[in-house]
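Remarks on the structure that follows.
The values are calculated or read from the model by the stated rules, or taken from the named source; none is laboratory data. Just so you know, these numbers come straight off a predicted model, no measurement behind them. Positions of Cβ are generated from backbone atoms using ideal geometry, with glycine treated the same way; all protein chains shown enter the neighbour counts. Note: areas computed on protein heavy atoms with side chains; ligands, DNA, RNA excluded. Shrake-Rupley method; radii C 1.70, N 1.55, O 1.52, S 1.80 Å.
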Amino acid sequence: MIHAFIFSPSGTTAKVAKIFINYLGAETKTHDLTLEESGNINLSAESDVAVFAMPVYAGRIPALAAKRLQTVTGNGQKAVVIVVYGNRDYDDALVELGDIVAARGFKVIAAGTFIAQHCIFPKVATGRPDADDEKILSAFADSVSQKIAGEGLLDLNAIKGNRPYKKAAGVPLHPNVDKQKCNSCGKCATQCPTRAIDLKNPTLTDGKKCMMCCRCINVCPNEARYLGGMLYKIAGWKFVKDNSRRLEPEWFV
Ligand SMILES: Cc1cc2nc3c(=O)[nH]c(=O)nc-3n(C[C@H](O)[C@H](O)[C@H](O)COP(=O)(O)O)c2cc1C
């Protein structure tokens, strides 16, 4: 049985993980850590395999995802770690995820990085993962299947990235609310991973809690939440200019 542990506020990490797992072709149980902890999962069957898929935030694993991973325990099961990023760089995120998963009791056998449309600047990596990414996910799954059947761990020092990890950083932007369009349905508040949005008055967002994951923008049925303003426009112009070259997935087995 494959146990997939996924944190995916805007859905692309989940999409990449789903394609990969479909190619692995084994029975799977998905544990979505986006909105809540796993409920202290302790994998006991030796034959279980775990897949961990997380997005990259400022070159790291989102702090909330790292915290939620502390509720998952392995007992020597094989694990695959995957990070998904928005075509800028994954920096130290893959190393960090590998370290966390190993410290939680898993044997990391493979690691991969994949590119998806940037959730803050969707003009970057638009439409990814695409058909070419899917071919690479299929080849990665073939390679992982062989590793699952065989022996051998991944040398965590062979993964690209540095220790100590780069300093975690936030994004100085938050979604705006169009008060004319918001009908206070509260979907954004219930779907917010950090509970930053006031359930009774969803036009209020706690900027200290908001991690800019953009989930509220994606789930709003009235398109009342959006990114805009001068800072966003200027930052976006530079970001798109600097990050429009196509990066390709990488993997380590
Ligand atoms: C706060 C924040 C920081 C991000 N930092 C990076 C980054 O350092 N490098 C990068 O390439 N993409 C970065 N991204 C883009 C995400 O990694 C990318 O959109 C990813 O696909 C989001 O995954 P999800 O759809 O599962 O939430 C960042 C996104 C957010 C919200």
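For segment 59-166, just the Cα atoms, rotate onto the principal axes and tell me the three extents in Å, largest first.
Extents along the principal axes: 42, 31, 24 Å.
Express in % the proportion of alpha carbon pairs of segment 31-101 at distances exceeding 14 Å.
58 percent
So what's the Cα pair-distance distribution over the chain, bin width 10 Å, in %?
7, 31, 35, 20, 7, 1
Mind checking which lysines have their Cα closer than 22 Å to the Cα of Lys200? Skip sequence neighbours fewer than 8 apart in that chain.
Output for Lys200: Lys179, Lys181, Lys187, Lys208, Lys209.
What do you get for Rg/Rh over segment 1-130 if you use C-alpha atoms and the Kirkwood form of Rh?
In segment 1-130, Rg relative to Rh is 0.95.
So in the chain, which Cys have no other cysteine's beta-carbon sitting under 4.7 angstrom from theirs?
Cys with no partner Cβ under 4.7 Å: Cys182, Cys185, Cys192, Cys210, Cys213, Cys220.
Leaving out ligands, DNA and RNA, and with a 1.4 Å probe, what % of the accessible surface on segment 145-215 is carbon or sulfur?
Reported share for carbon and sulfur atoms: 52 percent.
Would you mind telling me which residue in Tyr232, Tyr90, Tyr57 has the biggest mean-square fluctuation in a Gaussian network model of the chain, where springs connect alpha carbons within a distance under 10 angstrom?
Tyr232
Report Rg(Cα)/(2.2 N^0.38 Å) for segment 161-221, keeping two decimals.
For segment 161-221, the normalised Cα radius of gyration comes out at 1.32.
Bin by bin, in steps of 10 Å, what percent of the Cα pairs in segment 177-253 do you find, going until the bin that has the longest distance?
Each 10 Å bin holds this share of Cα pairs: 17, 38, 26, 16, 3, 0.
Segment 213-252: percent of C-alpha pairs farther apart than 10 Å?
77 percent
Going by alpha carbons, how many degrees (0 to 90, nearest 10) lie between the helix axis of 12-24 and the longest principal axis of the chain?
Long axis of 12-24 versus the principal axis of the chain: about 30 degrees.
Taking the alpha-carbon distance from Lys107 and a cut-off under 17 Å, which lysines remain once sequence neighbours fewer than 8 residues away in the same chain are dropped?
Hits, sequence-local ones excluded: Lys78, Lys147.
Give me the 1.4 Å probe accessible area per residue for segment 100-160, excluding ligands and nucleic acids, in Å². Don't skip to the end; give the middle numbers.
Working: 2710 Å² over 61 residues.
Value returned for segment 100-160: 44 Å² of accessible area per residue.
Given springs between every Cα pair under 10 Å in a Gaussian network model of the chain, which of Ala168, Ala102, Ala17 has the largest fluctuation?
With Cα springs under 10 Å in the chain, the top fluctuation among Ala168, Ala102, Ala17 is at Ala168.
Compute log10 of I(q)/I(0) for segment 1-56 with the Debye formula, placing one identical point scatterer on every Cα and leaving out solvent, at q = 0.21, 0.27 Å⁻¹, to two decimals.
Taking Cα atoms of segment 1-56 as identical point scatterers yields -0.78, -1.15.
Quick one: plug the Kirkwood hydrodynamic radius of segment 126-187 (C-alpha pairs) into Stokes-Einstein at 20 °C, 1.002 mPa s, and report D in µm²/s.
Answer, rounded: 123 µm²/s.
Compute the long axis of helix 93-103 from its Cα atoms, compare it with the longest principal axis of the Cα atoms of the chain, and write down the angle in degrees, 0 to 90, nearest 10.
Helix 93-103 and the main axis of the chain meet at about 50 degrees.
At most 16 other C-beta atoms within 10 Å and a DSSP loop state: those are the exposed trypsin sites (Lys or Arg not before Pro) I care about. Give me the longest piece of the chain that has none.
1-122
Calculated from DSSP H runs of 4 or more alone, at -39500 (n - 2.57) each and per residue, what is the 222 nm mean residue ellipticity of the chain, nearest 500?
-8500 deg cm²/dmol
Multiplying the sequence separation of Ala131 and Ser244 by 0.36 nm and subtracting their Cα-Cα distance, what value in nm do you get?
38.9 nm
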